[in-house]
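A quick write-up on the structure given underneath.
The values are calculated or read from the model by the stated rules, or taken from the named source; none is laboratory data. As the structure is a prediction and not an experimental result, all values here were calculated from the model. Glycine gets a Cβ as well: all are built from the backbone with ideal geometry, and neighbour counts include every protein chain shown.
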Amino acid sequence: MAKYPFLPQAKQHIAKLELDYKTIVDLPHVRKRAKQRMYASFELAMRLSLEPSSDFETEILSYPLAILYATGTGDRHLIERYALFEAVQINRYLG
């Protein structure tokens, strides 16, 4: 699930944790990982975020937070770049 945090099972897992976005945002390790995902999107060859962390909950919680970061900027280019990064990352896992 950590490699594919967009799957319905990841969403269900988050729902079972009963965490709202405020709580998720207040978790430093999740914030850090979400930022790593965003930074990695600037350099697609960068390996900073290509391998999921060993903590699968951090991975699945950081995914929606990184999406919020990207969309919160309102910058279409950044949003597209982040989406491309996640797609490339998933293709690597499937590769």
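Just a few scattered comments:
- Flag if Pro52 is at pLDDT below 90 and closer than 19 Å to Leu7 by Cα: yes
- Complete set of residues in the stretch 71-95 that are small (Gly, Ala, Ser) and more than 15 Å from Tyr21 (Cα to Cα): Gly74, Ala83, Ala87, Gly95
- Residues (part of a helix (DSSP H, G or I), at pLDDT 90 or above and over 15 Å from the mean Cα position of the chain (by Cα)) located in the stretch 73-92: Thr73, Arg76, His77
- Looking only at residues of the stretch 1-25 that are touching a residue at least 24 places away in the same chain (Cβ under 8 Å) and not in a loop (DSSP other than H, G, I, E, B), we find that the one that is surrounded by the fewest Cβ atoms within 10 Å (Cβ to Cβ) is Tyr21.
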